[in-house]
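Visitor: This structure is in structure tokens; I'll ask about it shortly.
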Amino acid sequence: MRRESACSAIDSKAMRVRTLLLFLFLASFLVLLLLRLFDLQIRQHKLLTADAIRQQQRQIPVLPRRGSICDRNGKELAISLRSYSFFAHPSFVQGIARTSAKLSPILDLSYDSIYRKLQSRKRFIWIKRKVDPERTGDFLDLKLPGVFAVEEAKRYYPKQELASHVLGFVGLDDKGLEGLEFSYDSYLGRSPGPPLGYCDALGRVAFREAEADMTFENCDLILTIDEVIQYFAERALEKAVAKSQAKAGTIIVMDPQTGQILAMADRPTFNPNQYRNHPPAFWRNRAITDSYEPGSTFKVIMAAGVLEEGLLRPEDRIYCEMGGISLKGFFIKDYKKYGWLTFSQVLENSSNVGAIKAGTRLGKDRYFNYIRSFGFGAKTEIELPGEAQGILREPKDWSAISLGAISMGQEVSVTPIQLLTAFCTIANGGNLMRPYLIKGIRGPYGEILRETSPRIVHRTISPATASTLTDILEKVVEDGTGKNAAIPGYKVAGKTGTSQKLERSTGGYSHHKVVASFAGFVPAHAPRLAILVTIDEPKVGSWGGALAAPVFAEVAEEALHYLGMRPSEGNALAVGGKKVDAVAGLN
Amino acid sequence: MSQGASRLEFFPRVQTVSTPAGREKARWARELWAILLTTAIILAGALLYVWPHIQVIRMGYRVERLNAEFSALIQEEKQLTIRLGQLKSLGRIEEIARGRLRMVDPEPSQIIFLPPERKPKVQTF
């Protein structure tokens with residue numbers, strides 16, 4: 001027993017020693033660990049944290065998706081998609097011939113052009129930019145050394161030429177270069193900057209910082225443009241310009257009550273998807289950038305002043321000198337020889353002599369004030385870049401014949417948008433409205449960020465004067481020079497204009513180059529549409545009443561039908577060949 | 001032993017002999033168990049601390065996958081929108097109507113104006 005006890009004591013002692021050794025070993029190991037931990041966590045904290053951030057944190061490439069541009073009914077007119085741009089480091093390319101042959105069908109480029117590019121001594125070359133993503137899969141399968149693809153956004157205009165001058169276009173870097181794409185670039189093409197994300201050892205993004213989505217959605221623009229009315233306008237203008245072999249043409253359709261632009265088009269036009277295939281002159285939005293002498297359409301401004309000041313009534317008679325009048329050495333002629341005409345008939349027949357005599361009664365300063373009050377000589381502040389303000393000289397700079405010349409629309413230069421805005425003033429009862437194209441801006445999550453409200457700039461003429469003038473303009477279409485603008489079932493008010501252009505070589509007015517125009521609104525006393533048509537330098541025909549007025553009628557009629565505006569007269573329509581009164585049962 | 005078995009003890013009784021060596025062994029055994037338990041608790045605490053971090057990373061990968069999927073779907077939707085816009089282009093429709101279907105403009109007498117639709121009272125943009 002004693003021996004057993006002694007043995008047990010020895011075992012116990014040995015075990016204690018072993019345990020102590022183990023403890024010491026573990027303790028020293030732990031101390032070492034703690035020291036290392038102290039070293040890593042405290043002493044080298046800053047250095048290692050910086051290293052870790054450098055290794056894990058990366059700037060995640062985010063492709064900002066440019067906002068869409070939609071018409072007033074939400075139909076997309078401009079939209080962005082992801083695409084791929086191909087580039088190469090020529091020094092790393094193995095087998096230029098083989099690479100060129102393989103890339104040619106994928107990129108839809110000729111073998112020679114790729115071959116030439118790859119032979120370059122540059123360190124970096126673009127092979128083709130903005131290729132549709134469907135083709136990229138084939139490229140990835142090839143695994144061509146030295147050739148790479150990078151993601152980029154590509155802008156599409158699904159309606160091709162439609163409203164191209166309003167929309168504008170973007171460059172290769174996705175920045176707006178023209179039109180609304182340019183002026184609203186800050187809303188459409190905001191770039192968030194590369195957000196930070198955290199990657200694992202394999203380079204996979206483990207997680208990214210808050211709000212750093214894969215794609216960055218921008219704001220959408222909602223326009224006042226109506227795709228359908230825009231189409232009517234473009235189609236009619238295209239036909240008229242082609243038929244008259246004109247150099248150019250412009251049409252604007254506006255809601256006179258609000259100042260909303262419903263359509264705006266120019267000819268020649270361009271396809272914004274391939275804007276570089278068209279000369280830069282085609283990109284210009286003539287409706288706002290080009291000013292011209294408006295000719296007889298400007299007589300309406302003179303008439304508004306004369307009526308507002310009570311200097312003449314529509315029935316007051318003016319002697320029109322049987323076709324011509326001498327003005328300080330210049331002889332001004334009428335199209336026809338007129339004797340006595342009422343003031344209303346002066347406008348109906350677009351008598352220059354009558355206009356000069358009426359304008360003279362108004363006087364320089366008052367006339368100038370009315371011109372300014374109608375918005376001429378200043379920008380309308382429409383949201384498009386490059387707007388011209390026209391040319392309107394101060395009365396002190398007017399010559400002896402200026403008052404007469406301006407009364408018939410010469411010596412003054414206006415943009416189409418200014419002229420139509422002035423006609424809208426008459427149409428809506430005397431308020432000058434600010435024309436606008438942006439109905440609203442929609443945020444990335446569908447929220448409405450901004451909604452544009454109609455803005456009255458100021459009252460220009462009284463409602464009574466506007467109404468009287470509308471009656472006169474109605475007669476222009478019923479009995480005067482604007483008969484071709486008449487639309488069955490609707491009362492149209494408008495004014496024709498045919499202005500000679502200045503000949504740069506002679507400094508005088510050209511006998512061949514004219515701008516034929518028509519401006520009007522419909523229905524006359526409750527207008528929904530105001531339209532201006534200008535045909536620049538037509539070769540076949542020259543009169544505004546013959547060239548521009550039919551375009552007005554075509555567009556206005558189709559647009560009124562589209563808007564569901566019933567004819568104000570001749571309501572007896574035929575159904576199935578049988579006439580019924582006011583489409584019984586449908587009211 | 002029978003007395004020991006009837007008691008509910010946390011640590012197993014290794015040897016409850018009354019000899020000093022037995023008592024010593026039993027004490028060591030208890031201490032060993034205490035160390036193991038402490039270690040287990042520390043490990044569990046560490047795991048508890050690490051677990052959410054691992055979960056965050058796993059969720060991060062999942063979010064990335066879903067983001068990529070979402071982005072692809074958006075791309076597809078935009079592509080379809082473009083295609084739809086092209087197909088519904090008024091010029092194209094008119095061309096088909098006039099050319100292929102031989103449709104013509106209606107006579108003024110054939111146009112019937114329907115009463116305006118009653119629009120729902122929702123704010124449209």
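Visitor: So which residues in segment A:160-178 are in contact with a strand residue (DSSP E or B) (Cβ under 7 Å, 6 or more places away or on another chain), within 15 Å of A:ARG276 (Cα to Cα) and in a helix (DSSP H, G or I), if there are any at all?
Guide: Listed by number, the list holds a single entry, A:HIS165.
Visitor: Next question, about the same structure. With over 25 Å from A:LYS333 (Cβ atoms) and within 14 Å of chain B (Cβ to nearest Cβ) as the only criterion, which of A:ALA526, A:ALA530, A:ALA553, A:ALA493 stands out? Break it down into steps so the answer makes sense when it comes.
Guide: Numbers: A:ALA526 fails: within 14 Å of chain B (Cβ to nearest Cβ); A:ALA530 fails: within 14 Å of chain B (Cβ to nearest Cβ); A:ALA493 fails: within 14 Å of chain B (Cβ to nearest Cβ).
Going through A:ALA526, A:ALA530, A:ALA553, A:ALA493 in turn, the sole match is A:ALA553.
Visitor: On to the next question. Filter segment A:141-159 down to residues that are assigned to a strand (DSSP E or B) and within 14 Å of chain B (Cβ to nearest Cβ), then give me how many there are.
Guide: Pass one, segment A:141-159, residues assigned to a strand (DSSP E or B): A:147-156.
Now drop any that are not within 14 Å of chain B (Cβ to nearest Cβ), which leaves A:151-156.
So the count comes out to 6.
Visitor: Moving to a separate point now. Name every residue in segment B:77-125 that is over 51 Å from the mean Cα position of the chain (by Cα) and modelled with pLDDT of 90 or more, in order of residue number.
Guide: B:ARG98, B:GLY99, B:ARG100, B:LEU101, B:ARG102, B:MET103, B:VAL104
Visitor: Within segment A:21-41, is there a residue that is closer than 30 Å to A:GLN230 by Cα, within 14 Å of chain B (Cβ to nearest Cβ) and modelled with pLDDT of 90 or more? Before you say what the answer is, go through the steps one by one.
Guide: If we filter segment A:21-41 for residues that are closer than 30 Å to A:GLN230 by Cα, which is where we start, we get none.
For segment A:21-41, residues closer than 30 Å to A:GLN230 by Cα, within 14 Å of chain B (Cβ to nearest Cβ) and modelled with pLDDT of 90 or more: absent.
Visitor: Test A:GLN56 against the stated conditions and say whether it is modelled with pLDDT under 90, within 12 Å of chain B (Cβ to nearest Cβ) and more than 30 Å from A:LEU167 (Cα to Cα). Talk me through it step by step, then tell me what you get.
Guide: Working: modelled with pLDDT under 90: yes; within 12 Å of chain B (Cβ to nearest Cβ): yes; more than 30 Å from A:LEU167 (Cα to Cα): yes.
Judged against the criteria, A:GLN56 is a match.
Visitor: Condition test on A:PHE86, is it more than 14 Å from every other protein chain (Cβ to nearest Cβ), touching a residue at least 12 places away in the same chain (Cβ under 8 Å), closer than 30 Å to A:PRO158 by Cβ and not in a helix (DSSP H, G or I)? Don't jump to the end; show me each part of the working.
Guide: Details: more than 14 Å from every other protein chain (Cβ to nearest Cβ): yes; touching a residue at least 12 places away in the same chain (Cβ under 8 Å): yes; closer than 30 Å to A:PRO158 by Cβ: yes; not in a helix (DSSP H, G or I): yes.
Taking the combined requirement at face value, the residue satisfies it.
Visitor: Working only within segment A:519-549, note down all residues that are farther than 24 Å from A:GLY430 by Cα, touching a residue at least 60 places away in the same chain (Cβ under 8 Å) and part of a loop (DSSP other than H, G, I, E, B).
Guide: A:GLU537, A:PRO538, A:LYS539, A:VAL540, A:GLY541, A:TRP543
Visitor: What number of residues within segment A:472-500 satisfy the criterion of being over 26 Å from A:GLU293 (Cβ atoms), touching a helix residue (DSSP H, G or I) at 6+ places or on another chain (Cβ under 8 Å), outside any loop (DSSP other than H, G, I, E, B) and not aromatic (Phe, Trp, Tyr)?
Guide: 1
Visitor: Still on this model: So, A:SER164, is that one touching a Phe, Trp or Tyr at 6+ places or on another chain (Cβ under 6 Å) and polar (S, T, N, Q) or not? Please lay out each step first, then the result.
Guide: Values: touching a Phe, Trp or Tyr at 6+ places or on another chain (Cβ under 6 Å): yes; polar (S, T, N, Q): yes.
Yes.
Visitor: Going through segment A:179-196 one residue at a time, which ones are outside any helix (DSSP H, G or I) and surrounded by 21 or more Cβ atoms within 10 Å (Cβ to Cβ)?
Guide: To start, the set of residues in segment A:179-196 that are outside any helix (DSSP H, G or I) comprises A:184, A:189-196.
A:TYR184, A:GLY189 - these are the residues of segment A:179-196 that are outside any helix (DSSP H, G or I) and surrounded by 21 or more Cβ atoms within 10 Å (Cβ to Cβ).
Visitor: Additional query: Could you go through segment A:313-323 and let me know if any residue there is among the basic types (Lys, Arg), assigned by TED's automatic domain parsing to the domain that holds A:ALA422 and at negative phi.
Guide: Step one: filter segment A:313-323 for residues among the basic types (Lys, Arg), giving A:313, A:317.
Then drop every residue that is not assigned by TED's automatic domain parsing to the domain that holds A:ALA422, which leaves A:313, A:317.
From what is left, the residues that are at negative phi are A:313, A:317.
There is at least one residue in segment A:313-323 that is among the basic types (Lys, Arg), assigned by TED's automatic domain parsing to the domain that holds A:ALA422 and at negative phi.
Visitor: Can you say whether A:GLU308 is surrounded by 17 or more Cβ atoms within 10 Å (Cβ to Cβ), within 24 Å of A:ALA464 (Cα to Cα) and not β-branched (Val, Ile, Thr), as far as the supplied structure shows? Show your work before the answer.
Guide: On the way: surrounded by 17 or more Cβ atoms within 10 Å (Cβ to Cβ): yes; within 24 Å of A:ALA464 (Cα to Cα): yes; not β-branched (Val, Ile, Thr): yes.
Spelling it out, A:GLU308 is indeed surrounded by 17 or more Cβ atoms within 10 Å (Cβ to Cβ), within 24 Å of A:ALA464 (Cα to Cα) and not β-branched (Val, Ile, Thr).
Visitor: Yes or no: A:GLU321 over 14 Å from A:LEU469 (Cβ atoms), buried (at least 17 other Cβ atoms within 10 Å of the Cβ) and out of contact with any Cys (no Cβ under 8 Å at 6 or more places or on another chain)?
Guide: Details: over 14 Å from A:LEU469 (Cβ atoms): yes; buried (at least 17 other Cβ atoms within 10 Å of the Cβ): yes; out of contact with any Cys (no Cβ under 8 Å at 6 or more places or on another chain): yes.
The answer is yes for A:GLU321.
Visitor: For segment A:366-384, enumerate the residues that are surrounded by fewer than 18 Cβ atoms within 10 Å (Cβ to Cβ) and in a loop (DSSP other than H, G, I, E, B).
Guide: Hits for segment A:366-384 are A:ALA378, A:LYS379, A:GLU381.
Visitor: Hey, among the residues in segment A:406-450 that are part of a strand (DSSP E or B) and of a type in the set (Lys, Arg), which one's farthest from the other protein chains (Cβ to nearest Cβ)? Reasoning before the result, please.
Guide: First pass over segment A:406-450, keeping only residues part of a strand (DSSP E or B): A:413-414, A:431-433, A:436, A:438-442, A:448-450.
Then keep just the ones that are of a type in the set (Lys, Arg); that gives A:439, A:442, A:450.
Numbers: A:LYS439: 8, A:ARG442: 7, A:ARG450: 11 Å.
Taking the candidates together, the pick is A:ARG450.
Visitor: Looking at A:GLY363, A:GLY329, A:GLY354, can you tell me which residue is out of contact with any Lys or Arg (no Cβ under 6 Å at 6 or more places or on another chain) and buried (at least 24 other Cβ atoms within 10 Å of the Cβ)?
Guide: On the way: A:GLY363 fails: buried (at least 24 other Cβ atoms within 10 Å of the Cβ); A:GLY329 fails: buried (at least 24 other Cβ atoms within 10 Å of the Cβ).
Sole residue among the options that is out of contact with any Lys or Arg (no Cβ under 6 Å at 6 or more places or on another chain) and buried (at least 24 other Cβ atoms within 10 Å of the Cβ): A:GLY354.
Visitor: A further question on this structure: Quick one: would you say A:GLY409 is in contact with a Cys (Cβ under 6 Å, 6 or more places away or on another chain) and within 21 Å of A:VAL477 (Cα to Cα)?
Guide: Values: in contact with a Cys (Cβ under 6 Å, 6 or more places away or on another chain): no; within 21 Å of A:VAL477 (Cα to Cα): yes.
Judged against the criteria, A:GLY409 is not a match.
Visitor: In segment A:206-222, which residue that is modelled with pLDDT of 75 or more and not in a loop (DSSP other than H, G, I, E, B) is nearest to the other protein chains (Cβ to nearest Cβ)? So that I can check it myself, show each step before the final result.
Guide: First pass over segment A:206-222, keeping only residues modelled with pLDDT of 75 or more: A:218-222.
From the residues that got through so far, the ones that are not in a loop (DSSP other than H, G, I, E, B) too are A:220-222.
On the way: A:ASP220: 10, A:LEU221: 12, A:ILE222: 6 Å.
My answer is A:ILE222.
Visitor: State whether one or more residues within segment A:504-520 are in contact with a Leu (Cβ under 8 Å, 6 or more places away or on another chain), modelled with pLDDT under 90, surrounded by fewer than 16 Cβ atoms within 10 Å (Cβ to Cβ) and among the hydroxyl-bearing types (Ser, Thr, Tyr). Before you say what the answer is, go through the steps one by one.
Guide: Of all residues in segment A:504-520, those in contact with a Leu (Cβ under 8 Å, 6 or more places away or on another chain) come to A:508-510, A:516-520.
If we keep only those that are modelled with pLDDT under 90 too, we end up with A:508-510.
From the residues that got through so far, the ones that are surrounded by fewer than 16 Cβ atoms within 10 Å (Cβ to Cβ) too are A:508-510.
When the remaining residues are screened for being among the hydroxyl-bearing types (Ser, Thr, Tyr), the result is A:509-510.
Scanning segment A:504-520 turns up at least one residue that is in contact with a Leu (Cβ under 8 Å, 6 or more places away or on another chain), modelled with pLDDT under 90, surrounded by fewer than 16 Cβ atoms within 10 Å (Cβ to Cβ) and among the hydroxyl-bearing types (Ser, Thr, Tyr).
Visitor: Another question, if that's okay. Those residues that are of a type in the set (Ser, Thr, Tyr) and surrounded by fewer than 24 Cβ atoms within 10 Å (Cβ to Cβ), I need them from segment A:407-421; list them, please. Steps first, please.
Guide: Initial filter on segment A:407-421 (of a type in the set (Ser, Thr, Tyr)): A:407, A:413, A:415, A:421.
Across segment A:407-421, the qualifying residue is only A:SER413.
Visitor: Next question, about the same structure. Can you go through A:SER462, A:SER453 and tell me which one is within 14 Å of chain B (Cβ to nearest Cβ), surrounded by fewer than 16 Cβ atoms within 10 Å (Cβ to Cβ), farther than 21 Å from A:LYS501 by Cα and of a type in the set (S, T, N, Q)? Walk me through it before giving the result.
Guide: Values: A:SER462 fails: within 14 Å of chain B (Cβ to nearest Cβ).
Among A:SER462, A:SER453, only A:SER453 is within 14 Å of chain B (Cβ to nearest Cβ), surrounded by fewer than 16 Cβ atoms within 10 Å (Cβ to Cβ), farther than 21 Å from A:LYS501 by Cα and of a type in the set (S, T, N, Q).
Visitor: Restricting to segment A:281-314, count the residues that are assigned to a helix (DSSP H, G or I) and under 16 Å from the mean Cα position of the chain (by Cα). Break it down stepwise before answering.
Guide: Pass one, segment A:281-314, residues assigned to a helix (DSSP H, G or I): A:281-283, A:286-289, A:295-308.
Filter once more, so that each one left must be under 16 Å from the mean Cα position of the chain (by Cα): A:282-283, A:286-289.
Count: 6.
Visitor: Against the condition under 22 Å from A:ASN349 (Cα atoms) and assigned to a helix (DSSP H, G or I), how does A:ALA516 come out, does it pass? First the steps, then the outcome.
Guide: Details: under 22 Å from A:ASN349 (Cα atoms): yes; assigned to a helix (DSSP H, G or I): no.
Taking the combined requirement at face value, the residue does not satisfy it.
Visitor: Shifting gears a bit: Which residues, taken from segment A:147-170, are within 16 Å of A:PHE282 (Cα to Cα) and of a type in the set (Gly, Ala, Ser)?
Guide: A:ALA163, A:SER164, A:GLY168
Visitor: With respect to A:SER12, is the statement that it is modelled with pLDDT under 90 and assigned to a strand (DSSP E or B) true?
Guide: Values: modelled with pLDDT under 90: yes; assigned to a strand (DSSP E or B): no.
So A:SER12 fails the test.
Visitor: Within the group B:ILE96, B:ILE35, B:ILE82, B:ILE42, which residue is within 30 Å of A:ASP200 (Cβ to Cβ) and either more than 10 Å from every other protein chain (Cβ to nearest Cβ) or in a helix (DSSP H, G or I) (or both)?
Guide: Numbers: B:ILE96 fails: within 30 Å of A:ASP200 (Cβ to Cβ); B:ILE35 fails: within 30 Å of A:ASP200 (Cβ to Cβ); B:ILE82 fails: within 30 Å of A:ASP200 (Cβ to Cβ).
Matching residue, one of B:ILE96, B:ILE35, B:ILE82, B:ILE42: B:ILE42.
The values are calculated or read from the model by the stated rules, or taken from the named source; none is laboratory data. No experiment lies behind these values; they were computed from the predicted model shown. So basically every Cβ, Gly included, is an ideal-geometry build from the backbone, and we count neighbours across all protein chains shown.
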